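Each value in this text was obtained by applying a stated rule to the coordinates, not by laboratory testing. Since the structure is predicted, the reported quantities are computational estimates derived from the model, not experimental observations. In this analysis, Cβ positions are derived from the backbone assuming ideal geometry, glycine residues included, and neighbour counts consider all displayed protein chains.
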Amino acid sequence: MTINGVEILLVEDSPEDVELTLRALQKNQVTNHVQVVTDGAEALEYLFGTGKYAHRADGRVPKLVLLDLKLPKVDGLEVLRRCKSEEGTRKIPIVVLTSSKEERDIVESYRLGVNSYIVKPVDFQQFNEAVRQLGLYWLLLNEAPR
Amino acid sequence: MTDASVIPDKAQVHRHLAMAVIMAGLLGIFTLDSVTPLGYSVWFLYVFPVWYSTRLSPRSAAITLAAAAASSALIVAGYFVSPPGGSILETAAYNRLMGAMVLWVLTAVLLKSRTIEERVRWSQEALKESEAFNRAVVESSPDCMNILDREGRLLSLNPQGLCLMEIENAASVLGRYWWDLWPESSKGTVQAAVQEAVANGTARFQGFCPTAKGTPKWWDVIIGTVRGLDGQPTRLVSTSRDMTVIKRAEEAVSESEERHRVMVEQVRDYAIIMLDPDGRVATWNAGAQRFTGYAQEEVIGKPLSLFFDPQARDAWTVELEQASARGMYEQEGWRMRKDGSRFWAHIVTTPLRDETGTLRGFTKVWRDNTQRKLIETQFQQLVEQSPNGILTVDARGRIALVNRAIERIFGYKREELLNRPVDMLLPERLREEAALQLHRGQAAGETSFKTMDNGAAFSGLHKSGREFPMEMGLTPIETLQGMMTLCTVVDVTERKRAEEAILAANRELEAFTYTVSHDLRAPVRTMAGFARILMEDFGATLDPEAQRHVRTIQKGAQRMGDLIDDLLEFSRVGRAAVDCRPVDLNKLVGEVWTDLKPQREGRAVELTVADLPQCLADRRLLRLVWMNLLANAVKYTANREQARIEVGWRPDEEAADRMVIHVADNGVGFDQKYVSKLFSVFQRLHRADEFEGTGVGLAIVHRIITRHGGRVWAEGRLGEGATLSFTLEKAL
């Protein structure tokens, strides 16, 4: 399931955005395995090895979470809160990658301990740039949290 | 010396009798004749005068006895001169009879003379005694008694009179005409009184006469007369009683009455009037004239009903009836003036009774309280008509006053509320706290305000049991009835409903913008993203026309993205809280200018900034203002060889604590007639291909400045540049 022992969890309900994000990562030579889940509930199951990801109960967690805020079932802020309040997942870097420039979203995200907050720009070029910096920053420069 | 000498004692009588017997024996009369009946009678006649004389004075007795002796001598002589022819006895008897008759006559004459003499003596004695008595009476009289002759000359006066008149030497006044002793002003009266007494036997007058030493005295004088045998007055007796003390007291009383009368008449702030028992005006004062407009002569004798409204004329009897029943009657009411206008009178009516309890009339004291009444009435109307509920609560927590709004708000009728605990208007859970508030407020004299804003909602309890949100102000007030709390109540049900509606609308709007922020941008991003992918992956195989179409899609998506972003920005500045702090404008302008570097790249743009004062504003929002204004200035000077932007300030002539800041450029400017469109959202004065933009920038500026309480305006001339001005509060 993992490649290079590194994986990225992308929580995004829009298939177009998933495709654009994956392409941006690929273009920036981020070759880590990306696991895509399309709602907040699935994201939590994946992170905590429950539900349909119960077989993943090997304690391994993704190296990075790219999290949209507006998600079906459980919204992104709730996923962030749960993730940052559990000992096992607290250290996973989480980057909020969202359309929302709403101040309360940004403030709330930082309050819950988000590591970075990126507003998806309309111009994909800027998006590429953002993703490129993300890839460099979190996957290349940072040590794995474990 | 009188009676004792006139009436002899028994021993004396006996002595006289014995002497008479001896004398008769000596003369032989008794022995000769005593045995005959005639002898007895003669003896009786002979002896009786002698006995009788013993009842008289010694002198009378002596005369009697002398007479008896003389008669004896006559009897003896008669014996010798008795007529011839008669027996000795007959002669003797005849002589005796003659002698006895002579003796009897003599004795009778003697006795008569003696009786008159005695009587004269007696009357003289009695007169002497009576004079002494009279003198004693006169001398012991407490009054001044003068004896005058019938011409009015003073003959004597008693010691008390000397004392009362403080006369040391009686001789100085005796013999003078009595009226000359009186002061000039009284002489006439005195003289007339004397004449009246002479004519009618008595006269009386009162007069003032100081004593010899000048002590002022008032006298009550009665003159009587002493008449002679001819019935004509011979003497006058005047009895003068010193009544100075009484007179003084009377004067004091009348003086004080006069003072009261004058005082009452002069009082202007109160009408003080007296009525007779039938309710007619008896006295009137200045205050009454002032209140009613009637002069004294117009109202004296007029009935009280004069001052009543014609419709209520009968009411006046009630006042008097109440007053006489209760002893005093106090009330307030409208009374009529002479000119038909009304005044609000406070009236105290008191019945006047004499010592027997008979009603003699009434006093009425009016006070004109019209001003107070008007104020009261206005105040009452203010309270009554107030759209807010007003009630007062006394120290015991009972409702003392409510207005119409309270009835409406709580659904109770006035009479259901008055004198009831105010608790009934509050839900049970709030009663304890409310009582505490009331108590604290009244004790401390502080005003408190209970609203639903700060913390727990404050609720009222409607009669129906429904609770409703209300605001309540509590103000302690001091009244004649003691400390009260004035409660103003506003039913905020409607306002709360409206507030909730606004909040709901705001929440909806927020949800909407949130949705816009997330969902509207996503498809735009998809378009732009995939258009780019198309170009990147297949650009080489697309003919130029296809490439142009793809680029148009990309531009459209970009523009859509910008519009959404600006619209969200605009929405955000409307909702964001304004956090005002001192802002260094020079620094802020510098920062923004630096941020605009990409926009002015490759151009010659000269910025002149005056030394700007600190202002009071939300820095984050103010930054948006400068960003928009300076970006506009840079944008609209794009076709100028030498672009000039000038920032300056001046004090705001409309508000001392504000300043006017302007940003002027030498750009394309605008036609002043379109200035009204300048600050509206999405309104643009230039075509998109001339100058890019969404038409939101100045709308954002307008909104931010307005939210800071400032004004913003623009002046421009087509082709000559524009000046945007706004006001900000200066920081102290």
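Model label sites at B:ARG121 and B:SER676, defined 7 Å from Cα along the beta-carbon direction, differ in position by 15.6 nm.
With a Förster radius of 51 Å applied to the C-beta separation of B:HIS686 and B:GLU500, the computed FRET efficiency comes to 0.70.
Computed from label points 7 Å out along Cα-Cβ, the spacing between B:ASN134 and B:CYS580 is 12.0 nm.
Considering all different alpha carbon pairs of segment B:253-380, the Kirkwood hydrodynamic radius works out to 15.1 Å. Scattering from segment B:546-625 was approximated by placing one identical point on each alpha carbon and applying the Debye formula without solvent; log10 I(q)/I(0) at 0.21 1/Å stands at -1.05. Taken residue by residue and averaged, Cβ atoms of other chains lying within 10 Å of the Cβ of A:22-33 number 1.
Computed over segment B:637-690, the percent of Cα pairs more than 18 Å apart is 56. Among the GluC sites (Glu not before Pro) in segment B:119-173, those located in a DSSP loop and surrounded by at most 15 other Cβ atoms within 10 Å of their own Cβ are B:GLU151, B:GLU166, B:GLU168. Treating cross-link reach as a plain straight distance, find the lysines whose alpha-carbon is under 17 Å from the alpha-carbon of B:LYS364, omitting any fewer than eight places away in the same chain. Reachable lysines: B:LYS302. Once the C-beta distance of A:SER85 and B:GLU376 is scaled by a Förster radius of 60 Å, the resulting FRET efficiency is 0.30 to the nearest 0.05. Are there any trypsin sites (Lys or Arg not before Pro) in segment B:186-250 that are in a DSSP loop and have at most 10 other Cβ atoms within 10 Å? List them by number. Those satisfying the criteria are B:LYS213. Amide H contacts of B:PHE670 (H built 1.01 Å from N, in plane; Pro and chain starts excluded): B:ARG717, B:LEU718, B:GLY719, B:GLU720, B:GLY721 sit under 5 Å, all sequence-distant by 5 or more or on other chains.
Are there any trypsin sites (Lys or Arg not before Pro) in segment B:256-308 that are in a DSSP loop and have at most 14 other Cβ atoms within 10 Å? List them by number. Counting only loop positions with at most 14 other Cβ atoms within 10 Å, the trypsin sites (Lys or Arg not before Pro) in segment B:256-308 are B:ARG268. Within segment B:452-575, the percentage of alpha carbon pairs spaced more than 24 angstrom apart rounds to 62%. Exposure proxy shown here: for B:ILE406, B:ILE246, the number of other Cβ atoms within 10 Å sets the order, fewest to most, as B:ILE246, B:ILE406. Kirkwood radius, segment B:578-621, all distinct C-alpha pairs, inverse of mean reciprocal distance: 11.9 Å.
Separation of the alpha carbons by more than 25 angstrom is noted, of A:LYS101/B:LYS555; B:LYS597/B:LYS673; A:LYS70/B:LYS597; A:LYS27/A:LYS120; A:LYS27/B:LYS555, for B:LYS597/B:LYS673; A:LYS70/B:LYS597.
Across segment B:636-732, Cα pairs under 8 Å and at least six residues apart give a relative contact order of 33 percent. 3J(HN,Hα) along segment B:377-383, derived from phi through the Karplus expression 6.51 cos²θ - 1.76 cosθ + 1.60 where θ = phi - 60°, amounts to 5, 4, 4, 4, 5, 4, 5 Hz, with x in place of Gly and Pro. Here, segment B:309-403 has an Rg and a Dmax of 18.4, 60 Å when only alpha carbons are counted.
One compactness figure for segment A:1-123 is 1.00, namely its Cα radius of gyration divided by 2.2 N^0.38 Å. Taking segment B:140-294 on its own, what percent of its Cα-Cα pair distances exceed 25 Å? That tail contains 47 percent of the Cα-Cα pairs.
The fraction of all Cα pairs in segment B:121-227 landing in successive 5 Å bins from 0 to the largest distance is 2, 12, 19, 25, 20, 11, 6, 3, 2, 0, given as whole percents.
Take each residue of peptide A:66-79, count the partner chain Cβ atoms within 10 Å of its Cβ, and average: the result is 1. With q set to 0.11, 0.13, 0.21 Å⁻¹, the log10 of I(q)/I(0) for segment B:516-653, from the Debye formula over equal scatterers at the Cα positions, is -0.63, -0.81, -1.20. Take peptide A:94-102, look around each residue's Cβ out to 10 angstrom, count Cβ atoms belonging to other protein chains, and average those counts. Mean number of neighbouring Cβ atoms from other chains: 4.
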